[in-house]
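Let me begin by presenting the structure, written as structure tokens, before commenting on it.
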Amino acid sequence: MTTLHLPHRAERRLAVRRSRALNRLTIGWNVIEGIVAIAAGTVAGSVSLVGFGLDSGIEVSAAVILTWRLSKEAGHGCMASFDRRATRLIALSFAALALYVGVESARDLLSRAAPEASIVGAALAALSLIVMPLLARAKRRLAPTLGSRAALSEANQTSLCALLSAVLLLGLGLNVAFGWWWADPSAGLAIAALAGVEAVRTWRAEDLADTCCG
């Protein structure tokens, strides 16, 4: 049986619809995740858990930025300037996260602030570690069809969230199991470093080859 290939414009419209649906899912999930993480982190005094919650906020902002970028598709013009602007905004959101979490983690290490164990935080990190890679993979598949570096950067943000989940789970787990207070701010520093690297990478990223498709 012969498989018909959709015209490029129709294929692109389908990718836009799917990307918007994934964005809505991302926003809903991360709003809940962020509220739970920040609340649990505040109660436990965990800088890494609060940082993880803030990353959920960054992920929401990145999804909103991408939503703005996708809304420009209706103009049927060159997407390069919109895409570049959206990508730079996502890079700045990474930088803001890196700066805040880095400063707070360093302060906790120097002051030897010992967080309490957070079972809620550990469960949240474990759940995120399952969900985020699936969501990131679905987004990344759509980026080439969209020709959008912003879409790819936003997918990378979701992948970073999964990586941060693993780092957070390790830090919280060591604190719960062995009472290693320094594991939490150390995990926070790791989160800050990863966010900083991604900020630079996203800012320097080149447009995809077919960004100007409209």
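Only the coordinates and a few stated rules stand behind these numbers; no lab work does. Model, not experiment: these values are computed from the prediction. Here the Cβ positions follow ideal geometry from the backbone for every residue, glycine too, while neighbour counts run over all protein chains shown.
Taking Cα centre as origin and charging only the Cβ of basic (Lys, Arg, +1) and acidic (Asp, Glu, -1) residues, the dipole magnitude of the stretch 90-214 rounds to 220 debye. Report the normalised scattering of the chain as log10 I(q)/I(0) at q = 0.12, 0.13, 0.17 Å⁻¹, calculated by the Debye formula with identical scatterers on the alpha carbons. For the requested q values the scattering log ratios are -0.61, -0.70, -1.03. With the simple spin-label model, which puts each label point 7 Å out from Cα in the Cβ direction, the ARG141 to VAL43 separation comes to 3.7 nm.
For the chain, modelled as a GNM whose springs connect Cα atoms under 10 angstrom apart, the maximal fluctuation among VAL131, VAL36, VAL47 occurs at VAL131.
The fewest-to-most ranking of ILE90, ILE35, ILE130 by surrounding Cβ atoms within 10 Å reads ILE130, ILE35, ILE90.
Determine the shape class of the stretch 84-166: with a ≥ b ≥ c the square roots of the Cα gyration tensor eigenvalues, call it rounded for a/c under 1.5, and otherwise prolate if a/b is greater than b/c, oblate otherwise. The shape class here is oblate. Among GLU104, GLU59, GLU198, GLU116, the order by Cβ neighbours within 10 angstrom, fewest to most, reads GLU116, GLU104, GLU198, GLU59. Here the spin labels are modelled as points 7 Å beyond Cα on the Cα-Cβ line, and at ALA10 and VAL103 they lie 5.4 nm apart.
Using the Karplus relation 6.51 cos²θ - 1.76 cosθ + 1.60 with θ = phi - 60°, the per-residue 3J(HN,Hα) values for the stretch 103-115 come to 5, 5, 5, 4, 5, 5, 5, 5, 8, 6, 6, 9, x Hz, with x marking Gly and Pro. The label-point distance for LEU110 and ARG24, in a model that sets each label 7 Å from Cα toward Cβ, rounds to 4.7 nm.
Compared with the direct C-alpha span, the chain from LEU134 to ILE35 gains 33.5 nm at full extension, assuming 0.36 nm per residue. Overall, the stretch 9-204 carries a charge dipole of about 1260 debye about its Cα centre when +1 sits on the Cβ of Lys and Arg and -1 on the Cβ of Asp and Glu, all other atoms neutral.
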